[in-house]
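The values are calculated or read from the model by the stated rules, or taken from the named source; none is laboratory data. Please read all numbers here as calculations on a predicted model, not as lab measurements. Note that we place each Cβ from the backbone using ideal geometry, even for glycine, and neighbour counts take in every protein chain shown. Please note that ligands, DNA and RNA were not included when accessible areas were found on the heavy atoms of the full protein model with its side chains. Shrake-Rupley method; radii C 1.70, N 1.55, O 1.52, S 1.80 Å.
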Amino acid sequence: MGMAKQKLSKVVNTELLFIDTDSPDICRLWAYRLIVNQKLIKKLYDIDELDTQLAIILGLSNEAELLSPMQLQRALIEKLRQLELQPAISLPATLAVNIQSLGAMIGLNTLEQQLLGFIALVKADQMLSSVCALLRNVKKTQLPALLAQTLGATEAAVKHMLRFDSTLLNSGLIAVESQPIFSLDDVFEFISFNFGYKLFEDNTDTQRLLKEIVQKTTPPSLTISQYQHLNTDLHILLPYLKKVVKQQLRGVNILIYGPPGTGKSELVRVVAQQLKIPLFEVSSEDDEGDGIAGHNRLRAYRMAQSFLANSAALLLFDETEDVFIQNPFARQAEPRKGWMNRMLEQNAVPCFWVTNDRSVIDDAFIRRFDQVIELNTPPKAQRAALLHSAAVNLLTPQEAAQLAEHPHLTPAIITRAGKVVAQLNPRLKRTTKVAALQHLMQQTLRAQGYRIKDELTHDVLGPVYNATWVNSDVDLNLLTEGLSNAGSGRLCLYGPPGTGKTAFCHYLAKQLQQPLLLKTASQLIGKFVGETEQNIAAAFAEAKQNEAILLLDEVDSFLQDRRKALHSWEVTSVNEMLMQMEAFNGIFVASTNLLHNLDQASLRRFDLKACFNYLKPEQAVSLFSAHCKQLKLQPCQHSVQKISGVRQLTPGDFAAIARQSRFRPFSTAGDFARALLQEVSLKSADTAKPIGFLQ
């Protein structure tokens, strides 16, 4: 067989040995260089027979089967010489245009653009990829020489191009495989799976080419006025960024963190709009809607930094959790940490990093941010304003204030519910739409695990309330006026249950037009060591953030006398409460039925201790008359006398019996009075009842 081939080879026309293929000439040039220079000719054969399918891919005719490996090698060398003599073998036109556009944006030289084209064709062209697949077990140290021979460049130039800090690699467009390389076609990878194919598409707009990497953000739906609770931060941020962009300062990064739905990304859009500076966002999903892995998003960030380096722009990197989380057992954790630090110190385009979980970010990174902004749920006034804008011409100010009562009602919940209601039948009654808006928001809050209280739907004080109908040793109207003028104060309200302590706090909040943040023992006392202290601190922080009056009910659960403490955590929770009380500049109210149980040091820290007691006879009669009027009952002399003779009546008793009228209507004022007396008798019986083994 070998002799036959040798004989036949004398009559083989080498011009007929090569046939046309779909591969561009530059792919044939690079493929033949690899075969010749890397001595791959024997890999084209299966034992002694030429691999027919591979030969067709390489553009070889059937006559190639008549040649020995050495003869085929000489034929390839001759064809390669002819290709290299051609005046201009270049990249396919569309690929060349797209690469030139990217090169102009990033600053790639001719060789870097050529390498980019080589990588794209390795991924897309069957001839070139098949040859690269033949080159197995490629070592990184071999790459400069190998690529230099293939691309027709100097080894020094290629070595410089493959440095980690080179323009091409630093751009993030491509990455060099860090694991052992199986074959040459696996050496490089693009920023995303589809990016290489997009390079072959006709793109009238480079932004289309970069869709999976970075894209211009949409305009915000909120305004700067809806972030008034961040005025201090914004008064620093806006002028700072304006100057940074003008002077092209490097290493400017802003961290924004907080719970989901609080408007973090929207805030960045609002800031960019306010400054009239274009804002681009690092993509988080590909064209098919699949999420992009964290390491690829970091590469996309580097690309965006390269593309936008010479323009006045801002960059948004949202959902950064998967970028900053590191495996503590990874061997490359520390080098990666150093690389991240350099990235935060050298970026040319100011970047906003947005996350729901600040705890995943190492402190070494956090201290490199120019400004850190915590964004929680907006204060009640801001929530009400947002409801007004989300439900245009639908809510009255009073309804907006009621619906905005829930402390976890985020902008995301409000705006989404507003969009749904806006699409309802326009013929529906306004009240029906308001009810639908409330229902949508409540259902979302329930799904998030929050309690929904009736306070969202009605006035807590009810139709019958007057501070003069509360028996306190302090004039409550004068106290309200004084707190309004001072803006701060620490009050302890004590006395029997139902005497109006909590109701007065609601009245105070209403008069001062401030939200009331009510926290109970069950909400703050945690089952783990240290959890109670964290919850107490969080309650004061929430009140400060919302500019709310903070009411801690059953405060004796937190401020028990430390001399009676059996466990260390009982002491630390008291200490935490005392520290937070002293640091709080707003209005703090503590209510208790058991003043004598409070820690003595805590009592000294209250500016005012007000006793709420059972109603005086004239107060009881006046409150009875008001409720009768509300229930459309006519008070009689007999019922009035009965009420005036009771000594343990409280406003809470009246409110409880009045609620009974919804399902147990009273025919006369006498019926109402008898129900009140029965309520008091139960209270009296309970106080007279012996305890424990004395029964």
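Key figures for this structure:
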read-out: Extension gain from ALA133 to LEU209, taking 0.36 nm per residue of separation minus the Cα-Cα distance; value: 24.6 nm
read-out: Lys, Arg +1 and Asp, Glu -1 on Cβ, resulting dipole of the range 384-532 about Cα centre, debye, nearest 20; value: 760 debye
read-out: Residue order for ARG490, ARG674 - accessible surface, 1.4 angstrom probe, largest first; value: ARG674, ARG490
read-out: Extension gain, VAL392 back to ARG250 (0.36 nm per residue minus Cα-Cα distance, nm); value: 46.9 nm
read-out: Whole-angstrom gap from the range 480-530 to the range 79-140, using each part's C-alpha centre; value: 72 Å
read-out: Solvent-accessible area, 1.4 Å probe, carbon plus sulfur percent, for the chain; value: 51 percent
read-out: Surface accessible to a 1.4 Å probe, per residue, for the residues of the chain, Å²; value: 51 Å²
read-out: Helix 294-308 vs. the chain, principal-axis angle (Cα, 0 to 90°, nearest 10); value: 80 degrees
read-out: 222 nm mean residue ellipticity, helices alone, for the chain (DSSP H n ≥ 4; -39,500 (n - 2.57); rounded to 500); value: -14500 deg cm²/dmol
read-out: Distance from the range 60-77 to the range 211-274 (C-alpha centre basis), Å; value: 65 Å
read-out: Charge tally in the Cβ shell below 12 Å around ASP25, where Lys, Arg are +1 and Asp, Glu are -1, ASP25 excluded; value: -2
read-out: Helix axis angle, 411-422 relative to the chain longest principal axis, alpha carbon, degrees; value: 90 degrees
read-out: Under 13 Å, Cβ to Cβ, from LEU135 - net charge with Lys/Arg +1 and Asp/Glu -1; value: +4
read-out: Count of lysine pairs in the range 536-661 with Cα separation under 23 Å (8 or more residues apart, or interchain); value: 6
read-out: Tilt relative to the chain, helix 333-346 - C-alpha long axis, 0 to 90 degrees, to 10; value: 80 degrees
read-out: ASP233 - accessible surface, heavy atoms, 1.4 Å probe, Å² rounded to 10; value: 40 Å²
read-out: In nm, spacing of pseudo-spin labels at ASP165 and ASP46 (7 Å Cα→C-beta vector); value: 5.1 nm
read-out: Compactness of the range 39-135, expressed as Rg and Dmax over alpha-carbon positions, Å; value: 16.5, 51
